[in-house]
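**Student:** One structure follows; several queries about it will come next.
The values are calculated or read from the model by the stated rules, or taken from the named source; none is laboratory data. Quick caveat: nothing in here was measured; it's all calculated off a predicted structure. Note that each Cβ is placed from the backbone with ideal geometry, even for glycine, and that neighbours are counted across all protein chains shown.
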(Lines give C-alpha, C1' and ligand atoms only; values in the text may rest on other atoms or scores of the structure.)
Protein backbone atom coordinates (compact mmCIF):
# COMPACT_ATOMS: atom_id res chain seq x y z
CA UNK A 1 0.00 0.00 0.00
CA UNK A 2 1.34 3.41 -0.94
CA UNK A 3 1.60 6.24 1.57
CA UNK A 4 -1.09 8.15 -0.31
CA UNK A 5 -3.53 5.22 -0.09
CA UNK A 6 -2.85 4.90 3.63
CA UNK A 7 -3.20 8.66 4.00
CA UNK A 8 -6.70 8.63 2.50
CA UNK A 9 -7.75 5.85 4.88
CA UNK A 10 -6.33 7.74 7.87
CA UNK A 11 -8.25 10.90 6.96
CA UNK A 12 -11.51 8.95 6.69
CA UNK A 13 -10.89 7.22 10.02
CA UNK A 14 -9.94 10.58 11.59
CA UNK A 15 -13.31 12.03 10.57
CA UNK A 16 -15.19 9.05 12.00
CA UNK A 17 -13.28 9.26 15.28
CA UNK A 18 -14.12 12.98 15.48
CA UNK A 19 -17.81 12.14 15.35
CA UNK A 20 -17.38 9.60 18.16
CA UNK A 21 -15.44 12.14 20.25
CA UNK A 22 -18.19 14.71 19.68
CA UNK A 23 -20.81 12.41 21.17
CA UNK A 24 -18.56 11.24 24.00
CA UNK A 25 -17.71 14.84 24.91
CA UNK A 26 -21.23 15.43 26.18
CA UNK A 27 -20.78 12.64 28.72
CA UNK A 28 -17.09 12.88 29.66
CA UNK A 29 -15.23 16.17 30.10
CA UNK A 30 -11.45 16.14 29.65
CA UNK A 31 -9.79 16.60 33.08
CA UNK A 32 -7.81 19.80 32.63
CA UNK A 33 -8.36 23.42 33.62
CA UNK A 34 -11.41 24.06 35.76
CA UNK A 35 -12.72 20.56 35.14
CA UNK A 36 -9.99 18.77 37.06
CA UNK A 37 -11.43 16.91 40.02
CA UNK A 38 -8.98 14.72 41.88
CA UNK A 39 -5.96 13.43 39.96
CA UNK A 40 -3.42 11.22 41.68
CA UNK A 41 -1.39 10.14 38.68
CA UNK A 42 1.66 11.85 37.14
CA UNK A 43 1.12 15.48 36.18
CA UNK A 44 2.98 18.38 34.55
CA UNK A 45 3.09 22.06 35.50
CA UNK A 46 0.39 23.89 33.54
CA UNK A 47 2.58 26.23 31.51
CA UNK A 48 5.04 23.50 30.64
CA UNK A 49 2.25 21.15 29.60
CA UNK A 50 0.91 23.58 26.99
CA UNK A 51 4.36 24.08 25.50
CA UNK A 52 4.91 20.31 25.32
CA UNK A 53 1.51 19.63 23.76
CA UNK A 54 1.43 22.34 21.13
CA UNK A 55 5.07 22.58 19.94
CA UNK A 56 4.95 19.32 17.91
CA UNK A 57 2.44 20.98 15.58
CA UNK A 58 4.99 23.71 14.86
CA UNK A 59 7.81 21.27 14.18
CA UNK A 60 5.95 18.59 12.20
CA UNK A 61 4.10 21.02 9.93
CA UNK A 62 7.28 23.02 9.30
CA UNK A 63 9.24 19.87 8.47
CA UNK A 64 6.56 18.70 6.02
CA UNK A 65 6.70 22.09 4.31
CA UNK A 66 10.46 21.71 3.83
CA UNK A 67 10.22 18.20 2.35
CA UNK A 68 7.00 18.79 0.41
CA UNK A 69 6.74 18.98 -3.33
CA UNK A 70 4.38 22.01 -3.33
CA UNK A 71 6.36 24.38 -1.14
CA UNK A 72 7.47 27.06 -3.59
CA UNK A 73 4.22 28.82 -4.43
CA UNK A 74 2.80 31.79 -2.55
CA UNK A 75 -0.28 29.88 -1.40
CA UNK A 76 1.82 27.24 0.37
CA UNK A 77 3.76 29.97 2.17
CA UNK A 78 0.50 31.59 3.31
CA UNK A 79 -0.69 28.24 4.70
CA UNK A 80 2.63 27.79 6.49
CA UNK A 81 2.45 31.26 8.04
CA UNK A 82 -1.16 30.85 9.21
CA UNK A 83 -0.46 27.49 10.84
CA UNK A 84 2.82 28.53 12.45
CA UNK A 85 1.45 31.82 13.83
CA UNK A 86 -1.38 29.95 15.54
CA UNK A 87 0.80 27.23 17.03
CA UNK A 88 3.71 29.48 17.97
CA UNK A 89 1.21 31.55 19.92
CA UNK A 90 -0.31 28.44 21.45
CA UNK A 91 3.01 26.81 22.40
CA UNK A 92 5.12 29.85 23.44
CA UNK A 93 3.07 32.97 24.17
CA UNK A 94 -0.12 31.48 25.60
CA UNK A 95 1.67 29.48 28.31
CA UNK A 96 3.64 32.57 29.37
CA UNK A 97 0.64 34.87 29.77
CA UNK A 98 -1.47 32.36 31.67
CA UNK A 99 -1.68 33.11 35.39
CA UNK A 100 -2.13 29.58 36.67
CA UNK A 101 0.32 29.38 39.54
CA UNK A 102 0.36 25.94 41.13
CA UNK A 103 -1.91 24.30 38.55
CA UNK A 104 -0.92 21.08 36.87
CA UNK A 105 -2.16 18.94 33.99
CA UNK A 106 -2.43 15.17 33.96
CA UNK A 107 0.44 13.58 32.05
CA UNK A 108 -2.08 11.38 30.24
CA UNK A 109 -3.84 14.49 28.88
CA UNK A 110 -0.49 15.95 27.80
CA UNK A 111 0.44 12.72 26.02
CA UNK A 112 -2.90 12.68 24.18
CA UNK A 113 -2.35 16.31 23.18
CA UNK A 114 1.08 15.53 21.77
CA UNK A 115 -0.26 12.56 19.83
CA UNK A 116 -3.15 14.59 18.44
CA UNK A 117 -0.94 17.45 17.29
CA UNK A 118 1.64 15.19 15.66
CA UNK A 119 -1.00 13.21 13.78
CA UNK A 120 -3.10 16.24 12.82
CA UNK A 121 -0.04 18.20 11.64
CA UNK A 122 1.02 15.20 9.56
CA UNK A 123 -2.39 14.93 7.86
CA UNK A 124 -2.65 18.64 7.08
CA UNK A 125 0.99 19.19 6.19
CA UNK A 126 1.20 16.14 3.97
CA UNK A 127 -2.01 17.00 2.16
CA UNK A 128 -1.31 20.71 1.62
CA UNK A 129 2.36 20.37 0.66
CA UNK A 130 2.44 17.01 -1.13
CA UNK A 131 -0.77 15.04 -1.73
CA UNK A 132 -3.06 17.81 -2.96
CA UNK A 133 -2.97 19.03 -6.50
CA UNK A 134 -0.54 21.98 -6.61
CA UNK A 135 -2.33 25.21 -5.75
CA UNK A 136 -2.19 27.39 -8.85
CA UNK A 137 -1.34 31.07 -8.84
CA UNK A 138 -5.03 31.74 -9.37
CA UNK A 139 -5.92 30.02 -6.08
CA UNK A 140 -4.65 32.99 -4.08
CA UNK A 141 -7.47 35.09 -5.60
CA UNK A 142 -10.06 32.30 -5.44
CA UNK A 143 -13.11 33.21 -3.26
CA UNK A 144 -12.59 30.03 -1.20
CA UNK A 145 -9.04 31.05 -0.35
CA UNK A 146 -9.98 34.66 0.41
CA UNK A 147 -12.99 33.75 2.56
CA UNK A 148 -11.08 30.99 4.33
CA UNK A 149 -8.10 33.19 5.19
CA UNK A 150 -10.42 35.99 6.36
CA UNK A 151 -12.26 33.55 8.64
CA UNK A 152 -8.98 32.17 9.96
CA UNK A 153 -7.67 35.63 10.85
CA UNK A 154 -11.00 36.72 12.34
CA UNK A 155 -11.20 33.55 14.43
CA UNK A 156 -7.65 33.98 15.66
CA UNK A 157 -8.36 37.57 16.74
CA UNK A 158 -11.58 36.55 18.52
CA UNK A 159 -9.77 33.74 20.34
CA UNK A 160 -6.81 35.95 21.28
CA UNK A 161 -8.95 38.77 22.63
CA UNK A 162 -11.13 36.38 24.62
CA UNK A 163 -8.14 34.64 26.19
CA UNK A 164 -6.47 37.93 27.09
CA UNK A 165 -9.73 39.07 28.69
CA UNK A 166 -9.66 35.96 30.89
CA UNK A 167 -6.01 36.61 31.78
CA UNK A 168 -6.86 40.18 32.85
CA UNK A 169 -9.43 38.83 35.30
CA UNK A 170 -6.60 37.30 37.29
CA UNK A 171 -4.14 39.38 39.25
CA UNK A 172 -1.13 38.38 41.32
CA UNK A 173 -3.40 38.38 44.37
CA UNK A 174 -6.38 36.62 42.80
CA UNK A 175 -5.96 33.38 40.93
CA UNK A 176 -9.50 32.00 41.32
CA UNK A 177 -12.12 32.10 38.59
CA UNK A 178 -14.56 34.99 38.22
CA UNK A 179 -17.26 36.02 35.75
CA UNK A 180 -15.91 37.63 32.55
CA UNK A 181 -17.85 40.51 30.98
CA UNK A 182 -15.42 41.86 28.37
CA UNK A 183 -16.04 41.63 24.62
CA UNK A 184 -18.02 38.64 23.39
CA UNK A 185 -18.16 37.35 26.96
CA UNK A 186 -21.17 39.66 27.32
CA UNK A 187 -23.15 37.24 25.15
CA UNK A 188 -21.44 33.84 25.36
CA UNK A 189 -19.45 31.86 27.90
CA UNK A 190 -16.71 30.68 25.53
CA UNK A 191 -15.78 33.20 22.82
CA UNK A 192 -12.27 31.74 22.75
CA UNK A 193 -13.74 28.42 21.64
CA UNK A 194 -15.97 30.14 19.07
CA UNK A 195 -12.90 31.90 17.68
CA UNK A 196 -10.93 28.69 17.35
CA UNK A 197 -13.83 26.95 15.61
CA UNK A 198 -14.07 29.83 13.13
CA UNK A 199 -10.29 29.64 12.60
CA UNK A 200 -10.22 26.02 11.54
CA UNK A 201 -13.41 26.22 9.49
CA UNK A 202 -11.58 28.98 7.64
CA UNK A 203 -8.57 26.69 7.26
CA UNK A 204 -10.75 23.94 5.78
CA UNK A 205 -12.24 26.39 3.26
CA UNK A 206 -8.91 28.01 2.35
CA UNK A 207 -7.12 24.69 1.81
CA UNK A 208 -10.23 23.02 0.34
CA UNK A 209 -8.86 19.71 1.59
CA UNK A 210 -10.14 16.57 3.29
CA UNK A 211 -7.51 16.94 6.03
CA UNK A 212 -8.61 20.53 6.63
CA UNK A 213 -12.23 19.38 6.88
CA UNK A 214 -11.21 16.68 9.34
CA UNK A 215 -9.43 19.26 11.51
CA UNK A 216 -12.46 21.56 11.48
CA UNK A 217 -14.69 18.65 12.52
CA UNK A 218 -12.26 17.72 15.31
CA UNK A 219 -12.29 21.31 16.57
CA UNK A 220 -16.09 21.29 16.70
CA UNK A 221 -16.11 17.83 18.28
CA UNK A 222 -13.73 18.90 21.02
CA UNK A 223 -14.89 22.45 21.77
CA UNK A 224 -18.68 22.35 21.42
CA UNK A 225 -19.17 19.82 24.27
CA UNK A 226 -16.49 21.61 26.32
CA UNK A 227 -18.24 24.95 25.82
CA UNK A 228 -21.39 23.38 27.21
CA UNK A 229 -19.43 22.04 30.18
CA UNK A 230 -17.89 25.49 30.78
CA UNK A 231 -21.30 27.15 30.67
CA UNK A 232 -22.75 24.66 33.16
CA UNK A 233 -19.69 25.10 35.40
CA UNK A 234 -20.15 28.86 35.51
CA UNK A 235 -23.83 28.51 36.40
CA UNK A 236 -23.03 25.96 39.09
CA UNK A 237 -20.35 28.11 40.75
CA UNK A 238 -21.83 31.61 40.28
CA UNK A 239 -25.49 32.10 41.29
CA UNK A 240 -25.43 35.56 39.67
CA UNK A 241 -24.20 34.29 36.31
CA UNK A 242 -26.10 36.07 33.49
CA UNK A 243 -29.16 34.02 32.62
CA UNK A 244 -29.33 35.32 29.05
CA UNK A 245 -25.74 34.39 28.24
CA UNK A 246 -25.36 31.41 25.86
CA UNK A 247 -22.58 28.81 25.78
CA UNK A 248 -21.08 29.35 22.31
CA UNK A 249 -23.34 31.10 19.79
CA UNK A 250 -24.81 34.50 20.74
CA UNK A 251 -28.58 34.35 21.11
CA UNK A 252 -28.81 30.70 20.07
CA UNK A 253 -26.88 28.15 22.14
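**Student:** Being closer than 30 Å to residue 127 by Cβ, buried (at least 17 other Cβ atoms within 10 Å of the Cβ) and free of Cβ contacts under 8 Å to residues at least 24 places away in the same chain narrows it down to one residue among 221, 216, 204; which is it? Walk me through how you get there before you give the answer.
**Tutor:** Working: 221 fails: free of Cβ contacts under 8 Å to residues at least 24 places away in the same chain; 204 fails: free of Cβ contacts under 8 Å to residues at least 24 places away in the same chain.
Going through 221, 216, 204 in turn, the sole match is 216.
**Student:** Residue 57: out of contact with any strand residue (DSSP E or B) (no Cβ under 7 Å at 6 or more places or on another chain), modelled with pLDDT under 95 and closer than 25 Å to residue 217 by Cα, yes or no?
**Tutor:** Values: out of contact with any strand residue (DSSP E or B) (no Cβ under 7 Å at 6 or more places or on another chain): yes; modelled with pLDDT under 95: no; closer than 25 Å to residue 217 by Cα: yes.
No: the conditions fail for residue 57.
**Student:** Could you grab the pairs with beta carbons closer than 6 Å, sequence gap of 6+ or different chains, first residue in segment 86-101 and closer than 22 Å to residue 151 by Cα, second one modelled with pLDDT of 85 or more and not in a helix (DSSP H, G or I)?
**Tutor:** none
**Student:** Anything in segment 229-247 that is surrounded by 13 or more Cβ atoms within 10 Å (Cβ to Cβ), out of contact with any strand residue (DSSP E or B) (no Cβ under 8 Å at 6 or more places or on another chain), closer than 17 Å to residue 176 by Cα and in contact (Cβ under 8 Å) with a residue 40 or more places away in the chain? List them, or say none.
**Tutor:** 230, 233, 234, 237, 241
**Student:** Filter segment 113-126 for residues that are over 13 Å from residue 63 (Cα atoms) and touching a helix residue (DSSP H, G or I) at 6+ places or on another chain (Cβ under 7 Å); which is surrounded by the most Cβ atoms within 10 Å (Cβ to Cβ)? Don't jump to the end; show me each part of the working.
**Tutor:** Within segment 113-126, the subset over 13 Å from residue 63 (Cα atoms) is 113-117, 119-120.
Filter again for touching a helix residue (DSSP H, G or I) at 6+ places or on another chain (Cβ under 7 Å), leaving 113-114, 117, 120.
Working: 113: 20, 114: 17, 117: 23, 120: 20.
If we take residues in segment 113-126 being over 13 Å from residue 63 (Cα atoms) and touching a helix residue (DSSP H, G or I) at 6+ places or on another chain (Cβ under 7 Å), then 117 is surrounded by the most Cβ atoms within 10 Å (Cβ to Cβ).
**Student:** For segment 100-112: of the residues being closer than 22 Å to residue 84 by Cα and surrounded by fewer than 18 Cβ atoms within 10 Å (Cβ to Cβ), which is nearest to the chain's Cα centre (by Cα)?
**Tutor:** Let us first name the residues in segment 100-112 that are closer than 22 Å to residue 84 by Cα, namely 110-112.
Of the ones still in play, those that are also surrounded by fewer than 18 Cβ atoms within 10 Å (Cβ to Cβ) are 111-112.
Values: 111: 16, 112: 14 Å.
Only one residue tops the list, namely 112.
**Student:** Within the set of pairs 6 or more residues apart or between chains, which connect a residue that is in a helix (DSSP H, G or I) inside segment 23-38 to a residue that is modelled with pLDDT under 85 and crowded, with 16+ Cβ neighbours inside 10 Å with Cβ atoms less than 7 Å apart?
**Tutor:** Note: pairs meeting the criteria are 35/29.
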